[in-house]
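The values are calculated or read from the model by the stated rules, or taken from the named source; none is laboratory data. All figures in this text were calculated on a predicted structure; none of them were measured in a lab. With ideal geometry, Cβ positions are generated from the backbone for all residues, glycine too; neighbour counts draw on all protein chains shown. Only protein heavy atoms, including side chains, enter the accessible area calculation; ligands, DNA and RNA are left aside. Shrake-Rupley method; radii C 1.70, N 1.55, O 1.52, S 1.80 Å.
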Amino acid sequence: MTTPDTIDRPAPQTQHGSIGTALPRVDGPRKVQGEARFAAEVALDNMLYAALVYSTIARGRIATLDTTVAEAAPGVALVMTHRNAPAMAPPALFLTEPLAAGPSSLPVMQDDSIHWNGEPVALVLAETQEQADHAASLINVTYEAEPASLSFDQAAVHARHPDSVMGEPPLLELGDAEAALAAAAHKIDRIYETPRHSHAAIEPHAATIMWDGDKLIIHDATQMLNATRWTLAGIFGLQEDQIRILSPFVGGGFGGKGLWSHQILAIAAAKMAARPVRIGLTRAGVFRITGGRTTTRQRVALGAKADGTLAALIHTGTVAMTTHNNCPEQFTFPAKHLYAADSFRLEQHVADIDMVANTFMRAPGESVGTFALESALDELAEALAIDPIELRRRIEPAKDPTSGLAFSSRHILEAYAKGAERFGWANRNPVPRSRREGEWLIGMGVATATYPYYRMPGGAARITLTKDGRARVEMASHEMGMGTATVQAQAAADCLGLAPEQVVFDYGDTAMPSGTLAGGSSQTASIAAAVAAATTQLITELLQLAGNASPLAGLRPDQVEPRDAGLASREQPDRFERYVSILSRAARDDVCAQADAPMPTEMGEHSMHSYGAQFCEVRVNAITGETRVSRFLGSFDTGRILNPRTATSQFRGGIIMGLGLALTEETQFDERSGRIMNPSLAEYHVPAHLDVPHIDIIWTGHPDPYAPLGAHGIGEIGITGVAAAVANAIYNATGRRIRDLPITLDKLL
Ligand code: MOS
């Protein structure tokens, strides 16, 4: 397939219709009635259940491995270790090839070497989950440990530049920022630290797997269907068309639902046992074998003139990574485009640690990068005695300050103004510790949210229009709770001139035209661009079917547009024919068209980002140090909002995750053993209902003229800026500036 050359721009914007309405989730009733089937709920005949055994050292070799008792345990069908596992190629590492999905390029269970504490050393298959778990506990492993790199401080001494930071160089310098800082009238020069985080989606990772001869069927919980298929084909020496992956429902992804070792091991074991296999990770298993957000230590140095404008913006630092992955937590990205400065120094280093490969976690880079940058900006505002919103107004750039590109759409100051008005920012007393009610110190803080606009290359959509006037749109994309199925039905309905209830958006199956990954908040734009291209193709097919007896006779595709369940001439609107009429005259049951999305050239032509202003009010207990977030408002500038209901949910969810980042979440890593010490939701604290106040959400809603549908993806921006808004509010409440997350009560005493 080739890109239709009639499309050199993303979709035209529709003028009316379903987009922008608060349509309820089309899959909502199935979910609340328990009819939505997730990967660990697919029941296959004759199925076996898998359990994993995890290494207890960080680096070294397996010395002895005794599986005899486990093999004799009730119900056990197979014990797989490196001694009997089939040969498998290492996973292709993410970003090394367009469809590479491996968060790590380490071989999986191919020899006796151990690379992190928690690496799977055995997999048991049994007739029930309980039998598998019991047998796994009977496997006896001893190790020869070797020295491991486990201390972030020590590894940071030898930190290196990563090969790239998401495709960009690890150092960006404009002017001599250190000299400008030294000469600046006012300066802030601080270190901020953020801890490791683990993914805690409500649905733990799971897959149900079946071999049908040399064909492989996987019911997976994934946010990267086609990349997973391509990568598995490489690991197992299969053709892509031998593998089908289905993933109709995913219980949260956030960057974590990729291709980890559990799918690979279970596929191998299912082949060996010649039976279907279900593998569902325990919560501890999620912590042990799937990575999350990595540790960062960041320096932000701001050199300012008396009016607040910046002479120097320095954002540098080091993150923990492994030698076999590719996710250096791009914390410098916000500083590339947020503020005007005379000089910049933005630099990232990585420190190699023997740990599970870290990976993407909701706004990797931006969520922790904005903590540092937006805390520092608050510190500068305080030092200059300028209101923090006014300071941002003074350093608002006219164009992208580091790339020089024009912004495609940027209304960040409007977002601030609207948010400030609604939140009552004018009531804030800038003097710290000036508001108290009994034991509670009250303060307000603000910070900028930002996340890039991305649209991924590749992806194709197929539209089938049937003689009953309904349309089915298919693309192997993902619904992890964001509202994809709902919003894309709305978007396709408008594209086709249909009502949303006449359109079904089908997704979640590699048998469909290929989708792009649901990552980088890119999926909405990627699907919209493919559906627009397929619509153009469909119009061409319909005009051919319409023929000379149609009122549309003689019109070219670019002279007509879909409307009112048919096609109309753009110039002479009374020349119109309904789809059902075209199909019935042509004696057709349906018409089908498929097209590839055009390349995402818009990202190279403009600086494209989403923005927001996060407002937080906290109450900090002066006796116990406990912080309660009492009010929160997110004011966003993210292009056109396609569905206010699902969008509000996305923004709120991101902010809630940001409250965890700010106040409670920390994966505790024992630097003696490399063991994750709190691998459960009892000890890894995500926000619960009582931790979350009502969160007010507003937006500017200005369509981005360069984005399909005028919309930006909004899955990730909600979390960005939140930790800084909370920290800045805590400073305002208490006079205490906490620069390392999470801001637990001990740090405030
Ligand atoms: Mo997102 S961290 O790209 O799912």
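Points worth noting:
- Highest-first arrangement of 188-194, 460-466, 399-405, where packing means the average Cβ count within 10 Å: 460-466, 188-194, 399-405
- Cα centroid of region 666-728 to Cα centroid of region 254-298, whole Å: 22
- Derived from the Cα gyration tensor, the three semi-axes of the equivalent ellipsoid of region 425-538 are 45, 16, 13 Å, largest first.
- In region 666-709, the inverse of the mean reciprocal separation of distinct Cα atoms equals 15.0 Å; this is its Kirkwood hydrodynamic radius.
- Listed residue (A351, T282, M272) projecting farthest to the positive dipole end of region 271-359, Cβ model: M272
- Taking 1.567 mPa s as the viscosity and 4 °C as the temperature, the Stokes-Einstein diffusion coefficient of region 391-492 based on its alpha-carbon Kirkwood radius rounds to 67 µm²/s.
- Sum of -39500 (n - 2.57) over DSSP H runs of 4+, divided by residues of the chain (222 nm, nearest 500): -7500 deg cm²/dmol
- Local electrostatic count at G75 - Lys and Arg +1, Asp and Glu -1, tallied over other residues with Cβ under 13 Å: -3
- Charge dipole (Cα centre; +1 on Lys/Arg Cβ, -1 on Asp/Glu Cβ; no other charges) of the chain amounts to roughly 1160 debye.
- Diffusion coefficient, µm² s⁻¹, Stokes-Einstein with Kirkwood Rh over alpha-carbon pairs of region 162-245 at 20 °C and 1.002 mPa s: 118
- Nearest-20 debye value, region 210-294 charge dipole, Cβ charges on Lys, Arg, Asp, Glu: 360
- For region 588-705, the Rg and Dmax computed from alpha carbons only, in angstrom: 21.1, 76
- Distance from the alpha carbon centroid of region 511-554 to that of region 97-145 works out to 44 angstrom.
- Alpha-carbon radius of gyration plus Dmax, which is the widest Cα pair, for region 306-380 in Å: 14.1, 47
- Between region 464-491 and region 211-248, the C-alpha centres lie 23 angstrom from each other.
- Distance histogram in 10 Å bins (all Cα pairs of region 234-305, percent per bin): 13, 37, 27, 10, 8, 5, 1, 0
- Accessible surface comparison of E439, E203, E414, probe 1.4 Å, protein chains only, largest first: the order is E439, E414, E203.
- Gyration tensor over the Cα atoms of the chain: the corresponding equivalent ellipsoid has semi-axes (square roots of 5 times the eigenvalues, largest first) of 41, 38, 22 Å.
- Note on W211: accessible area approximately 50 square angstrom, rounded to 10, probe 1.4 Å, nucleic acids and ligands left out.
- Relative frequency of Cα-Cα separations exceeding 25 Å in region 526-633, percent: 50
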